[in-house]
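What follows is a set of notes on a single structure, which appears directly below.
The values are calculated or read from the model by the stated rules, or taken from the named source; none is laboratory data. In this text, all values refer to a predicted model and were calculated from it rather than measured experimentally. Don't worry about glycine lacking a Cβ; one is built from the backbone with ideal geometry, like all the others, and counts go over all protein chains shown. Only protein heavy atoms, including side chains, enter the accessible area calculation; ligands, DNA and RNA are left aside. Shrake-Rupley method; radii C 1.70, N 1.55, O 1.52, S 1.80 Å.
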Amino acid sequence: MKAIRVHQHGGAEVLRYEDVPVPSPGPGEALVKIEAAGVNFIDIYFRQGLYKSALPIILGQEAAGMVEAVGAGVSDVKAGDRVAYAGTLGAYAQYAAAPAARLVKLPGGIDARSAAAAMLQGMTAHYLATATFPLGPGHTALVHAAAGGVGLLLIQMAKMRGARVFGTVSTEEKARLAREAGADEAILYTSQDFQAETMRLTGGKGVDVVYDSVAKTTWEKSLHSLRPRGMLVLYGNASGAAPAIDPLLLSQRGSLFLTRPKLGDYTATREELLQRAGDVLGWVASGKLKLRIEHVYPLEQAAEAQQALEGRRTTGKVLLIP
Ligand code: NDP
């Protein structure tokens, strides 16, 4: 089969489109014929070596397709099931052997591209809005990279829960998309001081929560945009990782909370995985949650897809089709 592998860390040029053996499903695994794979920022961290894994690796953490075969002891799925998953390496390929316990059966009305677009970023937006800082009416949230894959979904879920939402973006076009998704305010953080804007829009009070996936260039102003006892949710590093933070800073800025969550810890049990995926896929199927899938590449163009994502040229979801 064809797959995209990384033999050494580096820029997008290290991605190799290669022939590799079709994996055989071990005990507890299912072989999935991949119809669409999601491109996520985490793939770039693995390519660069910011997140560690023994090399070579097949990149990709998100896919949808059909179960072809199952290994010993698998009862959650069977051959012929349409499934999707997130959080297991190896999705930039024609086939992947994934733990059956991490597979979610697709409800009717969801095609493979929508499922591959919804799983990782959708469940991330879901846990951020419902569990890390459970939003509700009366809350105000600041969402960075608001027109990105997670951003557009997080805005919609925050609005479903009745919160007021500000989104930061780098261009006017992205500002339009953030507003279309429901953002009450869009702030161009490349030309405006987002901390000053946030304070102005909240009458000097600050927001209840900042969802910050940009980190290096934003974390400090994010902290300064919070109300006393507000929460900074640092959940990504699109501009680079944040530095070590002195806990005293949290006290000085008003007894703030800081968390650095990841999806795996919010889908740790099969029950929680099925609950979050069920909500997300159900909302997509009913039209309550809108996906934006504008960037679809053939598998062999994975390098171009990643360059577009890290070059801030994408909005919504980026997909690879094997
Ligand atoms: P996005 O589609 O959001 O793309 C990243 C966006 O970040 C860009 O479009 C850009 O938006 C913004 N950005 C700001 N500064 C930079 C920079 N220096 N370089 C590149 N981009 C920059 O990606 P994803 O939706 O895949 O992921 C969003 C974030 O969420 C990532 O940081 C990812 O790691 C994180 N994540 C975390 C998870 C978790 O559980 N912890 C799970 C899933 C994702 P703009 O041009 O508007 O600034």
Subject >> Contact order normalised by residue count of the chain, Cα under 8 Å, 6+ apart, percent >> reply: 18 percent
Original post:
Residues with amide H under 5 Å of LEU106's amide H, sequence separation 5 or more or different chain, H placed in the peptide plane at 1.01 Å from N; which?
Top reply: ARG82, VAL83, ALA84
Original post:
Cα-based count: Lys pairs in the chain below 12 Å, eight or more positions apart or different chains?
Top reply: 4
Original post:
How much of ASP19 can a 1.4 Å solvent probe reach, expressed as accessible area in Å² and rounded to 10?
Top reply: 110 Å²
**OP:** Give me the compactness ratio for the chain, meaning the Cα radius of gyration over 2.2 N^0.38 Å.
**Re:** 0.99
Original post:
In the Gaussian network model of the chain, springs joining C-alpha atoms below 10 Å, which of PRO56, PRO228, PRO134 carries the largest mean-square fluctuation?
Top reply: PRO56
Original post:
Taking the chain as a Gaussian network, Cα atoms linked when under 10 Å apart, which of LEU106, LEU232, LEU248 shows the biggest mean-square fluctuation?
Top reply: LEU248
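Heavy atoms only, probe 1.4 Å: what % of the accessible area of segment 1-129 goes to carbon and sulfur, would you let me know?
On the way: 2480 of 4750 Å².
Taking all protein chains in place, segment 1-129 shows 52 percent carbon and sulfur surface.
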Original post:
Ordered by residue, what ³J(HN,Hα) values in Hz, to whole numbers, does segment 19-29 give under the Karplus form 6.51 cos²θ - 1.76 cosθ + 1.60, where θ = phi - 60° and Gly and Pro are x?
Top reply: 8, 9, x, 5, x, 9, x, x, x, x, 10
Original post:
Per-residue HN-Hα couplings for segment 189-194, Karplus 6.51 cos²θ - 1.76 cosθ + 1.60 at θ = phi - 60°, whole Hz, x for Gly and Pro?
Top reply: 6, 8, 10, 10, 7, 5
Original post:
Going 7 Å from the Cα of LEU50 toward and past its Cβ, which residues in segment 289-320 have a backbone nitrogen under 14 Å from where you end up?
Top reply: 307, 309-312
Subject >> Mean-position separation - Cα centroids, segment 140-203 and segment 77-92, in angstrom >> reply: 32 Å
**OP:** Go through segment 1-95 and name the trypsin sites (Lys or Arg not before Pro) that are in a DSSP coil and have 10 or fewer other Cβ atoms within 10 Å of their Cβ.
**Re:** LYS52
Subject >> Residue among GLY122, GLY28, GLY108 with the largest mean-square fluctuation in a Gaussian network model of the chain, springs linking Cα atoms under 10 Å >> reply: GLY108
Original post:
For a paramagnetic label modelled at 7 Å from the Cα of SER75 toward its Cβ, which residues of segment 92-110 fall within the zone defined by backbone nitrogen distances under 17 Å?
Top reply: 100-103
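Express in nm, to one decimal, how much length is gained between ARG200 and ILE321 on full extension, taking 0.36 nm for each residue of separation and deducting their alpha carbon distance. Please list the in-between numbers first.
Values: separation 121, 0.36 × 121 = 43.56 nm, distance 4.44 nm.
Full extension of this stretch gives 39.1 nm more.
Can you pull the percent of Cα pairs in segment 136-260 with separation above 21 Å? Working shown, then result.
On the way: 2395 of 7750 pairs.
Of all Cα-Cα distances in segment 136-260, 31 percent exceed 21 Å.
May I ask you to give the solvent-accessible area per residue for the chain, in square angstrom, as obtained with a 1.4 angstrom probe?
Details: 13060 Å² over 322 residues.
Per residue, the chain has 41 Å² of solvent-accessible surface.
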Subject >> For the chain, calculated [θ]222 nm from helices alone, where every DSSP H run of n ≥ 4 adds -39500 (n - 2.57) >> reply: -8500 deg cm²/dmol
Original post:
Mind listing the phi-derived Karplus ³J(HN,Hα) values for segment 196-209, rounded to whole Hz, using 6.51, -1.76 and 1.60 with θ = phi - 60°, and x for any glycine or proline?
Top reply: 4, 5, 4, 5, 4, 6, 10, x, x, 7, x, 8, 6, 8
**OP:** Quick one: which residues, 5+ away or cross-chain, put their amide H under 5 Å from the amide H of VAL296? H built at 1.01 Å from N.
**Re:** LEU319
Subject >> Long-range amide H partners of ILE57 with built H, under 5 Å >> reply: VAL6
Subject >> Distance from segment 5-36 to segment 216-288 (C-alpha centre basis), Å >> reply: 29 Å
